[in-house]
Amino acid sequence: MSTLNAYILTIVTFIPLGGAVLLALFPRRDRDLRVFALVVSLLAFVLSLHLPVHFARHHAGFQFEQDIQWITTPNIHYHLAIDGISMWLVLLTTFLTPLCVLISWKSVHDRVKEFFILMLLLETALIGVFVSLDLFLFYFFWEASLIPMALLIGVYGHERRVYAAVKFFLFTMIASVFMLAAILWLYAHVGSFQFADTQQWLRGHGTEIQGAAPWLFLGFFVAFAVKVPLFPLHTWLPDAHVEAPTAGSVLLAGVLLKMGTYGLLRFNVGLFPDEARHNASWIATLAIIGIIYGALVAMVQPNLKKLVAYSSVSHLGFVVLGIFSMTQAGQVGAVFVMLAHGVSTGALFMLVGIIHERRHTFEIAEFGGLATPMPIYATFFLIITLSSIGLPLLNGFVGEFLVLSGAFLAHPLWGILAATGVIWSACYMLWMYQRVFFGKVNHDVNLALPDLSLRERIALWPLAVAAFAMGVAPLIWINAVDPTVRNVLSIAAQFASQVVAR
Amino acid sequence: MPTSFFTGTDYALSLPMILLSLFGLGVLIIDLMLPAEWKRWNAITALIGLGFSTAAVMRIQLGHFADGRPLVGSFAYLSNVGGQVVGSVLMDGFSIYFFYLFLLGAAIAILMSAHYLEIEHEHHGEFYALILFSVVGMMCMASGYDLVLLFIGLELMAISTYVLVGFLRRDKRSNEAALKYLLLGAFSSGIFAYGLSLLYGLSGSTNLQVIAQALQRHYSANPKDPIAIVAMITTATGLLFKVAAVPFHQWAPDAYEGAPTSVTGYMSVAVKSAAWAMLLRIFLWGLYPLRPVYLPLLVFVSVATMTVGNFAALSQNNLKRLLAYSSISHVGYMLLGLIASDNITNKTGIQGILVYLLVYTFMNLGAFAVVTSLRRRDIIGDEIDDIAGLYSKAPTEAVLMLLFLLSLAGIPPLAGFYGKYFIFLSLIQTQHYVLASLAVLYAVLGLYYYMRIGSAMFMRPATDPEPVAISPGMQVALAVTAIGTVGIGILPEFFIRAAGWSLGIQQAGTSLLGFLR
Amino acid sequence: MLHLALFSFFGAICVAGAINLLAQRHPINSALSLIVVMGSLAVEFMLLGAEFVAVIQVIIYAGAIMVLFVFTIMLLNAGEEERSAGSRIAVLLGVPALLILMGLVAWVLIRQNPASGTVAAGALPGTPPEIGRLLFRDFLLPFEITSVLILIAIMGAVVLARKEH
C-alpha cells in the first residue's frame, strides 16, 4: 500500500499522457478514439479516488509524497505531493475531464484524434501543476498547460479563435515569465527548487530579502493574477471563453483558472506571508472590484457564453478576497468556492454548449421559452444557476458564506461590498434564465429542439449531484481543507510574530 | 633544443583534422567519377569522414585524457616559458566539446542538404568537401592556442563559408549574399589581423599564454594603456563581427536570407559555435588581464544586440531573415553569460554559453531543416506564407517545428530553456540584476515572433495545396534534432555535466540516469 | 636619419599606391597600383632587415600573384568601372572620421612607445634559416592548414565561376 501511495500521484498525473501517446498511434476511427479517450479519463478519475479515500483527514502536511532527484545542476527534484487543498483540485480535474469527453462526442468531428490528444495532454499538465512541490516542476507543468489550451482554442474554436488563442497564450506566457524570474532568484539564493526548502529559507532569512521580497511577491502575483483572472488583467478571459470549444471552456473555467488561485494560496501566501499581509488591502480591493464589475458587465451581455465568462470573473473575485482576508474562514471558503465554481461553471459551460450544438448561436435573443421544448434541460440549467448564485443546499452557498464571513472578519467594509456581489449574481443569472427559458417561445425554430440525449444527461448528472452533495455535506471536503489552511495561516502568523518581535 | 617535434601526441591531436582533409579530398575525387544520379554518395562519403573524425576525437578524449590534464601539442616548440612547454594547439576539454559540436552540426547540415541541392540542380561534390574543410578550420579555431593558427583557421572556415553561401550560382540573392558576406568578412578579418599584430607587438609572441602574461605585466604597470585598449578593441571587432553582434551584424540577415537554406542552418550553428569558441578562447585565456576594459564594451554590445535582434525580428515576413535576427538576439543572451562569468571565479556563465551552443545546434538546425524542406518545385519556401497551414500538409513536421520554436523561445522542458537558465543564473549569482531583467523581458519579446510562425502553421489555411515531400536524409536530420531538443530538455544532466567537464567543473552526485563523467 | 627618410618615403608611396588603387576606374590601373604597393612594401621589409621576406614579396606577390591578377583582368576584358552614385554623406563623414581614427591610433602608438620608432636591422628573425625553422617546426600546423586554405580557394573559384553544361 505504501508503494502505491508513493506512486499514485505519478500514475494519476501521467495516465492521461500515456493515453495521449497511445491515441496518437490509433488509426483514425472516430468512434474508437472517443471511447478510448473516455476510458482513459475515467481510469484517471477512478485512480484519483484513491486519494481522498486514503487521505489522513486531520493531518496538515503533504501526503502521498514522491521525491526523486531529477537533475543535479540545477538542483531539480521530481517531487510530487498533495495536501488538502491540492487533492480536491486534482479530483476536480479528473472529474471534469471524462465529462468533457462526453460533451464533445458529437460537436467535434474534424481532427478528432488531435482534439482528444490535446485534451489528455492538458489534463496531465493541469494535474501536474497541483501536485508539484518543486518550483521548477511546477513552472514546467504551468507552461505545459498553455500550448494544448491555446491549440484547443485556436484550432477547434469559433470565429475569432486565432485572435483569442494568441491573446490567451501571450498574456499568460508573458505574465508567467515574471514568475520564472522570481523562481530563479529564489533558486540562486536557496540552492534548491523545493517548496519546503524555499519556505524554510525565507523564514530564516527575513532581513536578507527585505528589498527583494516585494518584487518576488509581485513576480509570482502577476503570473497568478493574470490566470485567475483578477481585475484588471482579465481581458483575455471573455475572448478565450467565447471562442473556445465547449470542452475547452469547461476545462478553462473549471480548472485552469484555479491554477491561478491555487498559486496565490500556495506560493504568494505560503512563501511570503508577510508580503501577503501587507498587500492584502489593495489585492482585496481589486478582488471586490472584480466581483462587482464582473457581475455588472455580465448583466448587460447579449451573448450567453460571455455572460458566463464574466460570471467567472465575478466568482473568482470571491476566491481572491477569501484568500487575502488572511482568516481561516476566508481561506477555507476560498478553496471551497474554487471547487464549487469548478463544478457549477463547468456545468454552465456544458449547458451552453449543448444549446449551441443545436442552434449554433450563443445570442440570448435567439432563445426564449426554451422550458417548453426542453424541460429536462431547463431543470438542469436551473439547478446549476441556483448553485452559481449561492442558494443554500447547493454548493455555491457554503463557499460564498465562508468567504464573506472571513472578509467581514478582516474588514467589515469588504464583507459588505462583497455581499452585494451575491445580489448582483442573482440578478444577472436569474434574469438570463428568465429570458432564455420562461415565457412563450419566441422563435418557431426553438419549438422543434430535441431535449437532452442520454449522453448529455450522463454528462450533466454527476455535476448536479456534486452540486447538491457539496451543498448538503460540505464537511466531506472541508475536513481535508481545514487543517491545511490552518497550517498555512499559522505559518503566516508565526512569521508575522517573528517579524514583529524582532 | 627540441628532441623531436612531431611526436605521437601531435599525430593523435591532429588526426581529426587530417582525416577530415583526406575525406574532403576523397569527396572531390569521387565526385569526378560519379554519374549524376549517384551524387548522393558524396554526402555519404562526407558523413563517413565525419564519423572517422569523431572516432579520432573520441580516441583523443579517452586515450589521452585519463586524468583530465590538457594535452599540449608540440607543434610549436617554444623553449620553456614560465616553466611550461607551450604549444600552438591546446587540446583541453573545451576544444573537445567544440569538436563534437562542429562534427554534429556538419553531419546534420549534410543530411539536410542532399535533397535540397538536387532540387536546386546544384548537387556538386564540392559542397560536401567545403563543409568538411570548413570543419577543419573550425577545429583550428577551437583548439588553437596561437594567434597564427587561430587566424588561419578563421580564414579557412570563412572562405569555405563564403563559397557555400554563393553556391546557388543562378540565384541572384545567393550571389549578392556571398558578395556581401565576403566583403564584410574580409574587412573584419583585416581589422582582426591588425588587432592580433598589436597583441604580438605588446608581448613579442603569438602564443595566448605569453600574451596573457605580457598583458598582465603591462596592464598592472599601466592600467590606462591605450595600445592594449586599441588592440583589444580591434580584436574584439573582428570576433564580434563573426558572431554577428550589433553593430557588426549587418551582413547576417542578408547572408542568411540569400544563402541556400541548409547552408544558412549550418552557418547559424556551426560557424557561430566556432566563432564563439575563438571568442571565448581569446577573451578568457588571452585577453583575461584586460577584463575590466572589455567588460563595458561587452555590456553595450550585448544590450544592443538583444534589442536590435528582437525588435527587428518582430516585423519580418521572411522566415530565414526572422531566424537570422533571432540568431542575433541569441548571441546577445550568450554575451551576457560572458559578462557575468570570467571562468575563474564564476564558471556558470561560460558553462551556460557552452550548453546554449549545444542546444542551439539542435533546435536551430531543426528549424532550418523544416524551412529547407519547404523548398518545392516552384516555391522557394522562404516566407511565412509558405509555412502557413503546414499542419494540414505535413503534420509531423509542423509539430516538430512547434517544438523547435518553443525551444528557441526558452520554454521548459525543452532544451532551449537550459541555455537561458544558466545564463540567467550566472547573472543573478554575480548580481547583475538589471541585465537579468532585461534578458527576461527580451526573452518574452522573442515569444511573439516565434508564435507568429507557430500560429501560421496551425491556424492559417495553406496557401498552396502541394504536399511537402521529405527525403530520407531530411527525416533523419529532423529526427536527430527533435530527439536532441526534447531529450536534452527532459534529461539534460549528461550534457550539463559534459559542458561542466569541458570547463573543469567537478560535479558530485548522481542523477536519474546515474551518468557520471 | 637616412633610414627614417627612406622608410617614410616608401611608406608614403605605399599609401599613395593604395589610395590610387581605390580611385582608379580601370582595373588594369588598379592592378598596376597594387604592384607599386607590393614593391614599396618589399622595400620596407628590406629596411627592417628581413631581406628574405622582401625578395619573396617581390617574387611571389608582385611577380606571380599580380601577374595572375593582370592576366585575369585581361582575360575578362574588364572595361572601365561604371560610375555609380556614391553616397556623399558616406564620403563626407567617413573620410574625416577615418583620418581622425588613424591619427589617434598613430599618436597613441608613438607617444606610448617611443622606442617603437626605431628598429635596428637584424633585430628580428628574418634570415632564411630562422624563417624555415618557424615555418616547418614552430608553425607546422598552420603551414599545412594554409595549404588546405589555398585548395578551397581554388575550388571555390572553380565552383562559383565554372561554365554550366
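The values are calculated or read from the model by the stated rules, or taken from the named source; none is laboratory data. Quantities reported herein were computed from a predicted structural model and do not represent experimental measurements. Because the Cβ atoms are built from the backbone with ideal geometry, glycine has one as well, and the counts that use them run over all protein chains shown. To get the accessible areas, we keep the full protein, side chains included, count just its heavy atoms, and leave off ligands, DNA and RNA. Shrake-Rupley method; radii C 1.70, N 1.55, O 1.52, S 1.80 Å.
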**OP:** For chain A, divide the Cα radius of gyration by the Kirkwood radius and give the resulting Rg/Rh value with two decimals.
**Re:** 0.96
Original post:
Efficiency by 1/(1 + (r/R0)^6): what FRET value for A:N5 and A:L393, r their Cβ-Cβ distance, R0 = 45 Å, to the nearest 0.05?
Top reply: 0.80
Subject >> Helix-only [θ]222 nm of the protein assembly as shown, DSSP H runs n ≥ 4, -39500 (n - 2.57) each, per residue, nearest 500 >> reply: -24000 deg cm²/dmol
**OP:** Would you be so kind as to identify which of A:A223, A:G368, A:Y78 lies farthest towards the positive end of the dipole of chain A, taking Lys and Arg as +1 and Asp and Glu as -1 on Cβ and the Cα centre as origin?
**Re:** A:G368
Original post:
Between A:V472 and A:R359, what length in nm is gained on full extension when 0.36 nm per residue of separation is reduced by their alpha carbon distance?
Top reply: 37.2 nm
Subject >> Alpha-carbon centroids, region A:251-265 and region B:139-169: separation in whole Å >> reply: 54
Original post:
A:L22 to B:H121: FRET efficiency via 1/(1 + (r/R0)^6), r the Cβ-Cβ distance, R0 30 Å, to the nearest 0.05?
Top reply: 0.10
Original post:
Debye sum, Cα scatterers, region A:3-94, no solvent: what log₁₀ I/I(0) at q = 0.14, 0.17, 0.24 1/Å?
Top reply: -0.61, -0.80, -1.16
Original post:
Beyond 24 Å, what share of the Cα-Cα pairs of chain C remains, rounded to the nearest whole percent?
Top reply: 57
Subject >> Shielding by partners, peptide B:359-367 (average Cβ within 10 angstrom, other chains) >> reply: 0
Original post:
Structure shown: which of A:K167/B:K172; A:K258/B:K420; B:K172/B:K420; B:K224/B:K347; B:K224/B:K420 lie over 32 Å apart, alpha-carbon to alpha-carbon?
Top reply: A:K167/B:K172; B:K172/B:K420; B:K224/B:K420
**OP:** Report P(r) for the protein assembly as shown: all Cα-Cα distances, bin width 10 Å, range 0 to the bin holding the largest distance, values in whole percent.
**Re:** 2, 9, 17, 19, 17, 13, 10, 7, 4, 2, 0, 0
Original post:
Carbon and sulfur together cover what percent of the accessible area of region B:8-516 at a 1.4 Å probe radius?
Top reply: 68
**OP:** Compute the separation of the alpha-carbon centres of region A:313-355 and region C:139-163 and state it in Å as a whole number.
**Re:** 72
Original post:
Could you name the aspartates and glutamates in cross-link range of B:K320, using Cα to Cα under 15 Å and dropping any fewer than eight places away on the same chain?
Top reply: B:D254, B:E257, B:D382, B:E383, B:D385, B:D386
**OP:** Provide the descending list of Cα extents for region A:47-105 along its principal axes, expressed in whole angstroms.
**Re:** 45, 31, 16
Subject >> DSSP H segments from chain B that extend 24 Å or more along their own axis, Cα-based, with Kyte-Doolittle mean of 1.0 or above >> reply: B:8-33, B:93-120, B:125-143, B:147-165, B:226-243, B:291-314, B:319-340, B:348-373, B:433-459, B:472-490
Subject >> Karplus-derived 3J(HN,Hα), 6.51/-1.76/1.60, for each residue of region A:265-282, Hz, glycine and proline x >> reply: 5, 6, 9, 5, 7, x, 8, 10, x, 5, 4, 4, 5, 5, 8, 4, 5, 6
Original post:
Can you give me the Cα centroid spacing of region A:57-95 and region B:271-287 in angstrom?
Top reply: 44
Subject >> Cα gyration tensor, region B:8-516 - rounded (a/c under 1.5), prolate or oblate >> reply: prolate
**OP:** State the volume of the convex hull built on the alpha-carbon positions of region C:1-83, expressed per residue in Å³ and rounded to an integer.
**Re:** 60
Original post:
Going out from 0 in 5 Å bins, what whole percent of all Cα-Cα distances in region A:177-268 drops into each bin?
Top reply: 3, 13, 20, 21, 14, 11, 8, 6, 3, 1
Subject >> Shape of region B:257-318, Cα gyration tensor, a/c cut at 1.5 >> reply: oblate
Original post:
Taking region C:1-110, which GluC sites (Glu not before Pro) meet the DSSP loop condition and have no more than 14 other C-beta atoms within 10 Å?
Top reply: C:E80, C:E81, C:E82
Original post:
On a 0 to 90 degree scale, rounded to 10, what angle separates helix A:84-103 from the longest Cα axis of chain A?
Top reply: 20
Original post:
Per residue, how many Å² of accessible area does region B:8-516 show with a 1.4 Å probe?
Top reply: 31
**OP:** Return an integer: the convex hull volume of the alpha-carbon atoms of region A:27-168, in Å³ per residue.
**Re:** 132
Original post:
Any idea what log10 I(q)/I(0) is at q = 0.10, 0.14, 0.16, 0.18 Å⁻¹ for region A:203-332, Debye with uniform C-alpha scatterers and no solvent?
Top reply: -0.33, -0.61, -0.76, -0.92
**OP:** With the cut-off at 19 Å, report for region B:359-486 the share of all Cα pairs above it, as a whole percent.
**Re:** 51
Original post:
Expressed as an acute angle from 0 to 90° and rounded to the nearest 10, what is the orientation of the C-alpha long axis of helix A:454-472 relative to the principal long axis of chain A?
Top reply: 50
